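Encoded as structure tokens, the structure appears first; notes follow it.
Just so it is clear, none of the values below were taken in a lab; they were calculated from the coordinates. Source: prediction; values computed, not measured. Positions of Cβ are generated from backbone atoms using ideal geometry, with glycine treated the same way; all protein chains shown enter the neighbour counts.
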Amino acid sequence: MSILNEEEFRLLREHRGKVNINIVEKILSEIEEDYEKTNNIVSSVIFVYSNYFDIIKQNKDTFDLISKILNKYTSKIGAENVIQLIINSLK
């Protein structure tokens, strides 16, 4: 079974068009960059989300789901792969 068929990704696809994909890509890129330094996805998400507090607050459900996906799958398939799946799910 593909990861894209998991419940989190099905829910994420429901958020298509609700957030600016360019901003999501920028935030995810910064998370990936920080993760490469810290190797701790939770602290990377918190750090980057704090820099985009207003955007995250406006799209809380979407970014909570993205955070959940990152936490669950980064250790299994790597941050870069998870981020690509998130972006593809939102496009």
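Here are the numbers:
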quantity: Efficiency of FRET between Lys37 and Glu7 - r from beta-carbon atoms, R0 25 angstrom, step 0.05; calculated: 0.25
quantity: In order through the stretch 67-76: 3J(HN,Hα) via Karplus (6.51 cos²θ - 1.76 cosθ + 1.60), integer Hz, x for Gly, Pro; calculated: 4, 4, 5, 4, 4, 6, 10, 4, 5, 8
quantity: Rounded Å value of the spacing that divides the Cα centres of the stretch 57-82 and the stretch 11-26; calculated: 12 Å
quantity: Matching label, semi-axes √(5λ) of the Cα gyration tensor in Å computed from the structure shown, candidates (1) 18, 17, 10; (2) 30, 19, 9; (3) 32, 20, 19; calculated: (1)
quantity: Mean ellipticity per residue at 222 nm, deg cm²/dmol - from DSSP H runs of n ≥ 4 across the chain, formula -39500 (n - 2.57); calculated: -24500 deg cm²/dmol
quantity: Value of relative contact order over the chain, rounded to a whole percent, pairs C-alpha under 8 Å and six or more apart; calculated: 44 percent
